[in-house]
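One structure is given here, and the rest of the page talks about it.
We did not get these values from a lab; they are worked out from the coordinates using the rules stated. Computed from a prediction, not measured in an experiment: that's the story for all the values here. Neighbour counts run over all protein chains shown; Cβ positions are idealised from the backbone, glycine included.
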Amino acid sequence: MDGTAGGGLVAVAGSAEVLALPGLGEELLTPAERERAARFHRERNRLDFVAAHLLVRLCAARLLGVPVAGLVLEQYCPDCGLSGHGAPSLAGRPEVGLSLSHTEGVVAAAAGPAPVGVDVELPGGRDGTADLYDRVLGPAESALVAARPDPDGAFLRQWVRKEAMIKIGRASLDTLASVDLSALPLDLPGPGPALHRHGDLHLLDWAAPGSGALLAAVSTRPVRLLPPDGLRAGGVQGRPGASA
Ligand SMILES: CC(C)(COP(=O)(O)OP(=O)(O)OC[C@H]1O[C@@H](n2cnc3c(N)ncnc32)[C@H](O)[C@@H]1OP(=O)(O)O)[C@@H](O)C(=O)NCCC(=O)NCCS
């Protein structure tokens, strides 16, 4: 696979920003994606869906060094066994790992030479009830989160990491508390992405300036962040093996 020696690419951006990128339009979506997009009642949710599905194509195109227009997205749900929703992949390129995430006005996507999972959440999007904390955090994680001046922010950091792990099949909604991430720092060391290891996984953490959205991406291969201004041009941020 060309262009993948450096590992996977991750991007996060405002939905409107993605939709304004040249060469990315709804006509790139498959009939199945357009049909799903049409089912959204709120236009802003529809646009988030479309933007995420376009951004994942952009990541894959950058990874492979091919035009976006030739890429066909497929989806398969491992839970119900149906296609058209669930884990995304590239038609004819099963070796390429893809992942996407959308929240209110912000989307994230990733493409890599191995399975990759990405999740993005806005601050305040998952403020924890005690019950939610218990379902998501193990005892050591709970103690660390509770000791923080901003427990909800710390909880959200662990939440996006664990959701990303669901997307590479390393967790499920029922097993989140048994994935112990208590050894990982809850703070970012600076404005750039932080790169960590968790067992055989590479983990990228970031907080997008502006929206403050928390991003996590995981893969068995290193992952690098496409900087916001790199969506139009080239370039990546956060080289493998270093914390930016
Ligand atoms: C995968 C999951 C963590 C997504 O989390 P979320 O915060 O709700 O949503 P996000 O926007 O971050 O991610 C949604 C994307 O995850 C991807 N996705 C969905 N299921 C996935 C899976 N099993 N594996 C990998 N990726 C998956 C899709 O690309 C989806 O985007 P789309 O709906 O626009 O196609 C969550 O849906 C989940 O745990 N699903 C498993 C249980 C389930 O609901 N199964 C459906 C049975 S029919």
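Quick notes on this structure:
- In order along the stretch 209-219, phi translates into HN-Hα couplings of x, x, 6, x, 4, 8, 10, 9, 9, 10, 6 Hz, rounded to whole numbers, per the Karplus curve 6.51 cos²θ - 1.76 cosθ + 1.60 with θ = phi - 60° and x for Gly and Pro.
- Neighbour net charge for Val107 - beta-carbon separation under 13 angstrom, K R +1, D E -1: -2
- Amide H to amide H distances under 5 Å link His202 with Ser219, Thr220, Arg221, where only residues 5 or more positions off or on other chains count and H is placed in the peptide plane.
- Amide H contacts for Ala213 (H built 1.01 Å from N in the peptide plane; partners 5 or more residues away or on another chain; cut-off under 5 Å): Ala208.
- Straightening the chain between Ser172 and Asp150 buys 5.3 nm, computed as 0.36 nm per residue apart minus the Cα-Cα spacing.
- Here the 3J(HN,Hα) profile of the stretch 75-81, calculated from phi with Karplus coefficients 6.51, -1.76 and 1.60 at θ = phi - 60°, is 9, 9, 9, x, 7, 10, x Hz, Gly and Pro shown as x.
- Packing, as the average of other Cβ atoms within 10 Å across residues, places the peptides 131-143, 220-232 in the order 220-232, 131-143, highest first.
- Of all DSSP beta bridges in the chain, antiparallel share, percent nearest 5: 90 percent
- Relative contact order of the chain: 21 percent, from C-alpha pairs under 8 Å at least 6 residues apart in sequence.
- When each of the peptides 170-177, 118-125 is scored by how many other beta carbons lie within 10 Å of its residues on average, the order from highest to lowest is 118-125, 170-177.
- Global geometry of the stretch 53-113, whether rounded, prolate or oblate, following the gyration tensor of its Cα atoms and the 1.5 cut on a/c: oblate
- Close amide H contacts of Val106 (hydrogens built in the peptide plane, cut-off under 5 Å, sequence separation of 5 or more or a different chain): Ser15.
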